[in-house]
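Reading through the structure tokens given below for one structure.
Every read-out reported here was derived from the displayed coordinates using simple, explicitly stated rules and does not represent laboratory data. Quick caveat: nothing in here was measured; it's all calculated off a predicted structure. Cβ placement follows ideal geometry from the backbone for every residue including glycine, while neighbour counts extend to all protein chains displayed.
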């Protein structure tokens, strides 16, 4: 079994068709078919189920596919490490961060790294956690900074940075702001400005409602990236929204304030994530240290 064999396995699985995979790999279809047969002979069982339109991966194929991706990622890490050593520990750091991360803290850490290491280069990606983690898994990012995954990911090493609390906010003139005490049930009839249904924070809010015996929140406006400008939609519309506790000071300048709701407990841990056992360059290690220092400073000044 060679690295090329593993690459063939991955491309066939992704394309779902031997012919299209062969075209993508620059091979003849018979040559690729022979390579897959060779892998299946080594495995002692079918890795794909053939059908008129192409192929589907078998359970055994899925297991080997996961290993193949990991092996190729590790191989890429090894090459990355050798290139880094050849360059005298200088090079490129590829880091992604989610929209939930304190941008000032992240920016301060990156600025400090660039001042310390004048020859170092950074590639920065800002996106949601799912695509960022996919790029981390595929070896396209060295680090991801964002909410710690709620589901177990033993293949990730986690450096906790700070606790991030999510609160309910409303226009300062909202009727609920006039109430001395609020419970989750008081939010049942409200309309909401919320992130997309596929984002973890939305699922967390749904769980809070379900625990209180309520249906899902009534969404009037949905946005995958809620900006300060969009928070202004709360003014005079009766909408509620979710916001980071640390953003309340800036939101208050726009007439948006927190609703204190009993039982509304929505917290998550912001962390630096990297592939477990993967190559950690000096640049990567230093940015992690600077992020930790910035997080401690953030906590001290709050």
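The label point for residue 79 and the one for residue 49, both projected 7 Å from the Cα toward the Cβ, are 3.5 nm apart.
Once you sort the root eigenvalues of the Cα gyration tensor of the stretch 1-107 as a ≥ b ≥ c, which label holds: rounded (a/c under 1.5), prolate (a/b larger than b/c) or oblate (the other case)?
Prolate, because a/c is 1.5 or more and a/b exceeds b/c.
Taking the longest Cα principal axis of the chain as reference, the axis of helix 200-211 is set at about 60 degrees.
Taking Cα atoms only, the orientation of helix 3-15 departs from the longest principal axis of the chain by about 60 degrees. Beta bridges assigned by DSSP with both partners in the stretch 164-268 are antiparallel in approximately 55 percent of cases. What does the C-alpha gyration tensor say about the overall shape of the stretch 87-144? Classify as rounded when a/c is under 1.5, otherwise prolate if a/b is larger than b/c, or oblate. The shape class here is oblate.
Rounded to the nearest 500, the 222 nm mean residue ellipticity of the chain from helices alone is -13500 deg cm²/dmol, with -39,500 (n - 2.57) taken per DSSP H run of at least 4 residues. Between the helical axis of 29-43 and the longest alpha-carbon principal axis of the chain there is an angle of about 80 degrees.
Each Cα pair of the chain feeds into the Kirkwood radius, which the Stokes-Einstein equation turns, at 4 °C and 1.567 mPa s, into a diffusion coefficient of 57 µm²/s.
Efficiency by 1/(1 + (r/R0)^6): what FRET value for residue 66 and residue 37, r their Cβ-Cβ distance, R0 = 25 Å, to the nearest 0.05?
Efficiency at R0 = 25 Å is approximately 0.75.
Between residue 227 and residue 130, the contour length at 0.36 nm per residue exceeds the alpha carbon distance by 32.9 nm.
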